[in-house]
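The block underneath contains the structure these notes are about, expressed in structure tokens.
The values are calculated or read from the model by the stated rules, or taken from the named source; none is laboratory data. Source: prediction; values computed, not measured. Counting neighbours? That spans all protein chains shown, and the Cβs are built from the backbone with ideal geometry, glycine included. Surface accessibility is based on the protein's heavy atoms, side chains included, excluding ligands, DNA and RNA. Shrake-Rupley method; radii C 1.70, N 1.55, O 1.52, S 1.80 Å.
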Amino acid sequence: MGVDNVILLENLEWFDETGRELLHRLPEHGSGEIKWGAQLTVRESQAGVMYYKGRACDAFGPGRHTLKTGNIPILTKILSAPWGLKSPLRAEVYFVNLKVFTDLKWGTRDPVAFRDAELGMVRLRAHGVFNIRIVQPVLFINTLAGTMGKYTSEQVEEYLKRVIVSRFNDYLGEKLRTLFDLPGHFDALALGLQQRLTKDFVRFGLALDGLYITSITPPEEVQSAIDDRSRLSVIQDMDKFVRMKAAMAMEKAATAGGEAGAGLGLGMGMMMPGMFGGLQTKTPAQEAEVVRCPECDNTIPVDARFCPYCSHQQVVVRKCINCGKNLSANARFCPRCGHPADEKPQIAVCPHCHANNLPGAVFCNQCGRKI
Ligand SMILES: [Zn+2]
Ligand SMILES: [Zn+2]
Ligand SMILES: [Zn+2]
């Protein structure tokens, strides 16, 4: 299917048969033209997001909507071309699934580099699960589909996993001196990582309802060096060796006791299940008739776009990448800090090995040094 393929959209609806789709674009490929007066059907726990000129501009809640110029207030403001019976609007619609997605798996595809104070550079694998929920559909589409070019659920999940691994690497680099200290620091590590990622995910319009680390696995050589007493020259301190063995005993007990590690290849790793950070899964706000304005805390209708008390923008279209302020659809600069609104987050190039890391990364995934 070519890029020039244009699909005329008259009836827009989507039913997620798999139950695993975060978002769905209509049309799936090529560009769409929406007929004036087209019907948009949004199901329960969905939002329909209008995507016009490379930008998500408005969201529709559950129900049946007739798409005309006057029914799309934000679009009306930025619409330059007239939209009528004879000239369909070149636009797409994204359906966004607002339910809680649980047990999404994250893990290192390639091991990340960790500079251990005692063992030198160690390449680690880590695995875990996370739960997410889309709370700001327009912001979600703008950051992940618009800015990052992630158009399918697989691409979005893949990207979020990379973000988690990158932050995991940063957290180890900042908080952990050596793997021998891991057993004592595991709780703090899981909690700190969750807090850090909660902030990251807010910028994507996502709520992180839980993030768990199920395993951190050093490579076989390190593992067998620890196992094999004859090669214990790397480890000077027998007390640390004993603690390491204790951590591995925990792993054995866990493997025997449950299925938590099934399929994750944890046979030789350190594993600390049950030490999960504890954010409770919240009831999605969409289920309530009213919500509270995050700015002034007054009760406002769930579908209000602006708070009637303080005018705070409720449907977040974009956020300033510098200070996080909510920006309007056509703002060119952030009114709070003056940062250009359309600037994309820059990838972090490692000054030591020149590897590309995700925006905001502190420690390089490739060489483990500080960026
Ligand atoms: Zn308010
Ligand atoms: Zn700003
Ligand atoms: Zn590097």
Of those in the range 103-162 that are at pLDDT 90 or above and of a type in the set (Asp, Glu), the residue most open to solvent (accessible area, probe 1.4 Å) is Glu158
Of (1) in a helix (DSSP H, G or I); (2) open to solvent by less than 10 Å² (accessible area, probe 1.4 Å); (3) small (Gly, Ala, Ser), Ala188 fails just (2)
Given the conditions (1) on the phi < 0 side of the Ramachandran plot; (2) touching a strand residue (DSSP E or B) at 6+ places or on another chain (Cβ under 8 Å); (3) crowded, with 17+ Cβ neighbours inside 10 Å, every one holds for Ile321 apart from (2)
Given the conditions (1) of a type outside the set (Gly, Ala, Ser); (2) away from ligand 1 (no atom under 16 Å from the Cβ); (3) at pLDDT 75 or above, every one holds for Lys325 apart from (2)
Expected output for the range 348-371 (first residue among the aromatic types (Phe, Trp, Tyr), partner outside any loop (DSSP other than H, G, I, E, B), Cβ below 8 Å, 6+ apart or cross-chain) is Phe363/Asn169; Phe363/Asp170; Phe363/Leu172; Phe363/Gly173; Phe363/Glu174; Phe363/Lys370
query: Any residue at all in the range 301-318 that is within 13 Å of ligand 2 (Cβ to nearest atom), surrounded by 12 or more Cβ atoms within 10 Å (Cβ to Cβ) and not assigned by TED's automatic domain parsing to the domain that holds Pro62?
result: yes
Selection from the range 330-360 of residues part of a strand (DSSP E or B) and more than 15 Å from ligand 2 (Cβ to nearest atom) yields Ala348, Val349, Asn356, Asn357
Filter pass, Leu176 being at pLDDT 90 or above and assigned by TED's automatic domain parsing to the domain that holds Phe130: no
Going through the range 355-371 in order, the residues found to be surrounded by fewer than 17 Cβ atoms within 10 Å (Cβ to Cβ) and either more than 7 Å from ligand 3 (Cβ to nearest atom) or closer than 26 Å to Cys323 by Cβ (or both) are Asn356, Pro359, Val362, Lys370
The residue that is nearest to Gln46 (Cα to Cα), considering only those in the range 103-145 that are of a type in the set (Phe, Trp, Tyr) and away from ligand 3 (no atom under 16 Å from the Cβ), is Phe140
